[in-house]
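The values are calculated or read from the model by the stated rules, or taken from the named source; none is laboratory data. Because the structure is predicted, anything quoted here is derived from the model rather than measured. Cβ coordinates were reconstructed from backbone atoms using ideal geometry, including for glycine residues, and neighbour counts include every protein chain displayed.
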Amino acid sequence: MKLSKVLAATLITSVGFTATAMASGTKAGTKISNQPVLEYSFGAETKTAKAPEASYVVDKVINFTVELKKDQEQKVIVGKHALGEFVITNKGNSVENFVLSSNYGSLKDFKFSSSKIYIDKNNNGILDKSEMKHTPVLSTLAIDGKKTIWIDATTDIKTVVGKGNHFGLLARATAKGLNEIYTKQSTKNSMSKVDIIFADGAFGGDKVRDNQAIIRYIWTTVKSDNNVKLSMNIIHNVISADPINGVCKNVTDAKSGKYKAIPGATNVRSWSIENKTKETAKNVKFSIKLNSNVEKIATSSAKTWWKNEKRVHILWTSKGVVGEGKYNAKTNSVDFVIKEIKPGETYYPHIVTEIK
């Protein structure tokens, strides 16, 4: 029914008022009308008359909650994504839109480098690939409706292990979008139009009725406890030049079998090092020991298909040559050092030797 001016004031000032006390009820905007009939006697005659119609409009109650779907204390691996999961419930008496944004608390030893908000559009409780698109406005949440929300936040690779922060979701009801958030409630009761009453804020630790619901996880940065296993395969083991047939024109020519493994021939060997895990491998070291009885280290790329590249023992990726291997005379090996191999990346170390 129509909220009186006294009840509106009670909603604004009362702290002990529970969330369930402001359940959805009659839909906002509903017009309620009454027309009394007056009946009376005058002498022996009975008379009736219709009194003026009295009508009023049911006011809009902005009432919603945001809850955590996991334990409040969460860990996030440095350099990885933190995925905070929440559920928002519309406990008001009108279909509403909600503006969603990330929010920090008082504790913030570190900050996330970026964040995105995802909405469970198909209501299956699973973050599907098609839903992984930043969506800051939740549209038309039904009365008593619930929706799962995720915040996908990224930690910087340089973040110190053991640091923490309070980081979560801020939700605010809005007429339509980002620029139409309800910031004020009606102070004077109008019987002929929909007034706005803030009834949020009686849930959890939020006692303020201000059209803002905030809840946060407590995140602590940790070092990965997973052992990253890299996949390695031989890619090339070919002769790229020999004293009789000369130097190959390209990699396809080298693979043709035209060039023979005879003294003075150049051999190229390469491997693929692929990270098929979800973790970043750091300080990757790859060494190839030579057989000094039958081969020697090549000191020029002139007898390879990358003959115009000054570097001899090269490190290749999809971006081209990104580094080189160094010959270690003490161990008679070619050593490669890769700062990091991210999930899905592949590196190709190449070594060049000559047959004695």
Answer residue from region 306-342, given it is touching a Ser or Thr at 6+ places or on another chain (Cβ under 6 Å) and not in a strand (DSSP E or B) and is farthest from ILE262 (Cα to Cα) among those: LYS342
Checklist (1) on the phi < 0 side of the Ramachandran plot; (2) out of contact with any strand residue (DSSP E or B) (no Cβ under 7 Å at 6 or more places or on another chain); (3) assigned to a loop (DSSP other than H, G, I, E, B) applied to THR252, failing item: (3)
Given (1) loosely packed, with under 14 Cβ neighbours inside 10 Å; (2) in a loop (DSSP other than H, G, I, E, B); (3) not charged (D, E, K, R), index of the condition THR277 fails: (1)
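Yes/no per residue for (1) surrounded by 13 or more Cβ atoms within 10 Å (Cβ to Cβ); (2) touching a Lys or Arg at 6+ places or on another chain (Cβ under 8 Å):
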| position | (1), (2) |
| --- | --- |
| VAL294 | no, yes |
| SER301 | yes, yes |
| HIS313 | yes, yes |
| LYS330 | no, no |
Residue within region 249-256 that is of a type in the set (Gly, Ala, Ser), crowded, with 16+ Cβ neighbours inside 10 Å and within 25 Å of SER318 (Cα to Cα) present: yes
Meets criteria (in contact with a His (Cβ under 7 Å, 6 or more places away or on another chain), of a type in the set (A, V, I, L, M) and either in a strand (DSSP E or B) or surrounded by fewer than 14 Cβ atoms within 10 Å (Cβ to Cβ) (or both)) for LEU107: yes
Failed condition for HIS134, given (1) surrounded by 15 or more Cβ atoms within 10 Å (Cβ to Cβ); (2) under 29 Å from ARG209 (Cα atoms): (1)
So LYS116, is it in contact with a strand residue (DSSP E or B) (Cβ under 7 Å, 6 or more places away or on another chain), surrounded by fewer than 18 Cβ atoms within 10 Å (Cβ to Cβ) and among the charged types (D, E, K, R): yes
Evaluation of LYS319 against (1) within 20 Å of PRO349 (Cβ to Cβ); (2) among the basic types (Lys, Arg); (3) in contact with a strand residue (DSSP E or B) (Cβ under 9 Å, 6 or more places away or on another chain) (one fails), failing number: (3)
Selection from region 90-104 of residues that are polar (S, T, N, Q), part of a strand (DSSP E or B) and within 18 Å of ILE197 (Cβ to Cβ): ASN90, ASN97
Output for region 16-54, where each listed residue is modelled with pLDDT of 85 or more and among the β-branched types (Val, Ile, Thr): THR26, THR30, ILE32, VAL37, THR46, THR48
Count - residues of region 343-356 that are surrounded by fewer than 16 Cβ atoms within 10 Å (Cβ to Cβ) and either not in a loop (DSSP other than H, G, I, E, B) or not charged (D, E, K, R) (or both): 2
Whichever residue in region 155-186 is in contact with an Asp or Glu (Cβ under 7 Å, 6 or more places away or on another chain) and within 20 Å of VAL66 (Cα to Cα) and, among such residues, is surrounded by the most Cβ atoms within 10 Å (Cβ to Cβ): ALA173
Residue in region 169-189 that is assigned to a strand (DSSP E or B) and over 28 Å from the mean Cα position of the chain (by Cα) present: no
